[in-house]
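Undergrad: Supplied in structure tokens, the structure appears directly below.
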Amino acid sequence: MRKHKEQELVLKTDIMKESGWLYFLDKNGYLCRGRLCPPSEKLLKTNIQREKGWLYFCKEGEENPLEIWRTKMERNGK
């Protein structure tokens with residue numbers, strides 16, 4: 001049985017998602033977008049300091065601007 005992972009909202013943005021782009025938080029805290037091959041485009045400096053053991057991801061919010069979320073990662077089935 002799979003445990004439900006809790007997700008935390010980290011940041012709401014004013015950036016609207018466009019079709020054909022992948023959105024992600026880079027290691028320096030920038031919200032970026034890119035296609036399947038580099039280079040990517042930096043959209044917003046977020047000042048988010050990534051913490052070890054967390055997975056950061058982007059998804060559309062209720063009113064459609066992008067939001068940055070995080071969830072605790074499990075290692076080796078723990």
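We did not get these values from a lab; they are worked out from the coordinates using the rules stated. Remember, it's a predicted structure, so these values are computed and weren't measured experimentally. Glycine gets a Cβ as well: all are built from the backbone with ideal geometry, and neighbour counts include every protein chain shown.
Okay, residues lined up against (1) of a type outside the set (A, V, I, L, M); (2) surrounded by fewer than 13 Cβ atoms within 10 Å (Cβ to Cβ); (3) under 20 Å from residue 60 (Cβ atoms):
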{"residue": "10", "(1), (2), (3)": "no, no, yes"}
{"residue": "13", "(1), (2), (3)": "yes, no, yes"}
{"residue": "16", "(1), (2), (3)": "no, yes, yes"}
{"residue": "19", "(1), (2), (3)": "yes, yes, yes"}
{"residue": "33", "(1), (2), (3)": "yes, no, yes"}
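Undergrad: Touching a residue at least 24 places away in the same chain (Cβ under 8 Å) and among the charged types (D, E, K, R): does that describe residue 41?
TA: Working: touching a residue at least 24 places away in the same chain (Cβ under 8 Å): no; among the charged types (D, E, K, R): yes.
Taking the combined requirement at face value, the residue does not satisfy it.
Undergrad: Checking the condition closer than 11 Å to residue 13 by Cβ and either surrounded by fewer than 10 Cβ atoms within 10 Å (Cβ to Cβ) or in contact with an Asp or Glu (Cβ under 8 Å, 6 or more places away or on another chain) (or both), which residue from 60, 51 passes?
TA: Values: 51 fails: closer than 11 Å to residue 13 by Cβ.
The conditions single out 60.
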